[in-house]
Amino acid sequence: MSRELARIDINAPLDADFSKLRIQPPDTSGLRKFYERLAFRKLLQKLPRTDEPTAPAPSAFTFPEVSIIDTPEALNGLCRVLDTADTVSFAVSPDMAAAGFYRGGKAYAVECSGAAAEALEPFWRSETPKAGCHVKAALRHIHINNIIMDVALAAYLLDPSHGQYAIESIASGDLGAEISSDAQESMLGIMPPGALKKLGRQAAAIGALTAVYTERLGGGGMRLLTDIELPLCRTLARMECNGFKLDTAALAAFGVRLAHRIEELSQAIYSLAGRQFNIQSPKQLGEVLFVQLQLPTYKKTKTGFSVDAEVLGRLAGRHEIIEPVLEYRELCKLKSTYVDGLLSLCGPDGRVRTTFQMTATSTGRLSSSEPNLQNIPIRRSLGAELRRMFIPSRDDWVLIDADYSQIELRVLAHIAGDETMREAFRGGADIHTVTASQVFHVPPDEVTPAMRRSAKAVNFGIVFGISDFSLAEDIGVTRAEARRYIDGYLGLFHGVRQYMADVVARAKTDGYVTTLLGRRRYLPELSASNHNIRAFGERAALNTPIQGTAADIIKLAMIALDKRLQAEGLEARLILQVHDELIVECPRQEAERVRAIVSEEMENVYPLEPPLAVNAGVGRNWFDTK
């Protein structure tokens, strides 16, 4: 049987016109739509820039031969080449041990140690226009003046959903050029010729991409790059070098407390289950809950019962084992991720230094990694305790924490032109109480905490295109009640209702949405045949102009504040950004002046109607600033 299945049947009847089987020119237009529907972004980049089926593919970039600079005479020659008014593109190794340069069609590479590093210093500080890739990393090591292009940031502005912005990836996609990847890394301070040549080829690709991206970005995109993203690189590089000091002794003691409580919970869970098992194992926990204790199953995975947070939340109250399991999970995450994780990443000086990712989100928001300091818990009391461990770098210094008051709702009121919402903000009213009063038809002074919580969920949910089903899950009401809340909200804020309809319709026509400052996000999901994918596109169309504008505003505020603190000769320095929140450390005697400066720069950086508002507090640790 296997032989028969594998053997080609040459007697099978064929009813085919062989002339129709000849290879035809590709249907580029149809292929583009297919790629967009499946979000094949890298393949999309390789299509011709026109929908004409016969359009020729762009010719691949040809790399020049890389000259290795290894003599004093060659180094002097390179310095003369770099002393120019023309743009020089550069690529550097992560530790700045070597660099590649490209100008006038020629590429060079040099080890940046000893005499070479000294000879190149005037170039880095010169007014020669410079183009690089991920320049923030280089700025952590050396001052580089007059950077006019970062091709990774330019590629990100052109397509913030692509996700891959390494020079190899963007050169392959937009130049059709493959940078050699067979070069060995440096060992014991020695840079192999292959690795040096790779830096030269990277610099050449950056030079070619600079011309491509300058044209594709146009005036608006280049303004975003030169006015926001490139200046922000310098601010973020300083913040990454500054770091945030930890009270390591207190954090270690906190970890011991958590370990004791985790052990107590383990014993309680074993007692309730009647046996010991691995609480961290979803399979073993599922067997205890659903086989042994016979609790109702709500969801299954490929490997068995689901015991995710949603399932455990629905089981709350059905058995006394659920509450300790939930607390056990929370404390284990708190200890492993935040206590043990932060201690392991803390430097010898007691400071943790995060890396801010500038190209990681589709909306323009910054993210933070190794460690993620934007995700330090605040809502639960034990999680909030962690913020007490973040302290100023000196005993006589304090922290200033300033955050925008409901910036996304203010941006929504501005973009939607909703006078009811604008008036509520202008009058200093609590927007959630105003919403609850109108939705529940009670005077503001009769709004209960539960009503306000529901209104708050609607206010913020609307920005994300929340459905009645999701809202019902979030606030614990029926779907019909949730629908009434949403309808009541949209009946109150007519401008928001119109904005929601208009922005999705415009996005379907244009294929993208923009922030107030012109940042674009393309949404091929809007034309998907799959309902869930299309619904995601509609939610993104609603949210991106709001969240993206808020992200642009706080980036402008960071740049302005950083410049102001330096211009006024203050010791204060910006050390962290958490989405709509900035944290500064400064000497105690500067505190009131710096708090006023921070509030002023944040509130006046961009004209909104209603105006931006900032809450700023001072404290000896991060927790006490609130």
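Cα-Cα pairs above 38 Å in the chain: how many percent? Could the numbers behind the result be given before it?
Details: 94388 of 195625 pairs.
When all Cα pairs of the chain are counted, 48 percent exceed 38 Å.
Close amide H partners of Ala98, meaning residues 5 or more places away or on another chain with modelled amide H under 5 Å apart, are Ser93, Cys112. Dipole orientation for the chain: of the candidates Pro160, Gly476, Ala402, Gly476 has the Cα lying most toward the positive pole (charges on Cβ; Lys, Arg +1; Asp, Glu -1).
Surface analysis of the chain yields an accessible area of 49 Å² per residue, using protein heavy atoms and a 1.4 Å probe. In this simple spin-label approximation, Glu178 and Thr301 carry label points 7 Å from Cα along the Cα→Cβ vector, and these lie 3.7 nm apart.
Ranked by the mean number of other Cβ atoms within 10 Å per residue, highest first, peptides 575-581, 496-502 order as 575-581, 496-502. Over 21 Å apart at the Cα level, from the set Lys42/Lys106; Lys245/Lys626; Lys106/Lys197; Lys283/Lys333, are Lys42/Lys106. When +1 charges are put on Lys and Arg Cβ atoms and -1 charges on Asp and Glu Cβ atoms, the dipole computed for the chain relative to its Cα centre reaches about 1100 debye. Spin-label model, Ile378/Glu423: points 7 Å from Cα along the beta carbon direction are separated by 3.1 nm.
Provide the packing ranking of 136-143, 306-313, i.e. peptides ordered by the mean count of other C-beta atoms within 10 Å per residue, highest first.
Numbers: 136-143: 17.8, 306-313: 15.4.
So the order, starting with the most tightly packed, is 136-143, 306-313.
DSSP beta bridges confined to the stretch 1-155 are antiparallel in about 55 percent of cases. Charged neighbours of Arg394, selected by a Cβ distance under 9 Å, balance to -2 (K, R count +1; D, E count -1).
Computed from the Cβ-Cβ distance with R0 of 30 Å, the FRET efficiency linking Asp308 to Arg261 stands at 0.85. For His494 and Asn146, the difference between the fully extended length at 0.36 nm per residue and the C-alpha to C-alpha distance is 120.6 nm.
Taken one residue at a time, the phi angles of the stretch 599-612 give Karplus couplings (6.51, -1.76, 1.60, θ = phi - 60°) of 4, 5, 5, 5, 6, 9, 6, 8, x, 10, 10, x, x, 5 Hz. Gly and Pro are set to x.
Summing +1 for each Lys or Arg and -1 for each Asp or Glu, what net charge is found among the other residues whose Cβ lies under 13 Å from the Cβ of Asp510? Don't jump to the answer; show the numbers that get you there.
On the way: positive: Arg506, Lys508, Arg520, Arg521; negative: Asp502.
Once all neighbours under 13 Å are counted, the net charge is +3.
Straightening the chain between Ser2 and Ala567 buys 195.3 nm, computed as 0.36 nm per residue apart minus the Cα-Cα spacing.
Dipole magnitude for the stretch 559-626: about 220 debye, using +1 per Lys or Arg Cβ and -1 per Asp or Glu Cβ, origin at the Cα centre. The modelled label-to-label distance between Phe460 and Arg125, using points 7 Å beyond Cα along the C-beta direction, is 4.8 nm. Ordering 280-291, 166-177, 525-536, 400-411 by mean Cβ neighbour count within 10 Å, with the highest value first, yields 400-411, 166-177, 280-291, 525-536. Between the stretch 581-626 and the stretch 470-516, how many Å separate their Cα centres? With the stretch 581-626 and the stretch 470-516 each reduced to a Cα centre, they are spaced 32 Å.
What is the sum of charges around Leu258, taking Lys and Arg as +1, Asp and Glu as -1, for the other residues whose C-beta is under 12 Å from the C-beta of Leu258? Walk me through the numbers on the way to the answer.
On the way: positive: Arg257, Arg261, Lys333, Lys335; negative: Glu263, Glu264, Glu327, Glu330, Asp340, Glu385.
Residues near Leu258 contribute -2 overall.
The values are calculated or read from the model by the stated rules, or taken from the named source; none is laboratory data. Just so you know, these numbers come straight off a predicted model, no measurement behind them. Ideal geometry is used to build each Cβ from the backbone, glycine not excepted, and the neighbour counts take in all protein chains shown. Accessible surface areas use protein heavy atoms only, side chains included; no ligands, DNA or RNA. Shrake-Rupley method; radii C 1.70, N 1.55, O 1.52, S 1.80 Å.
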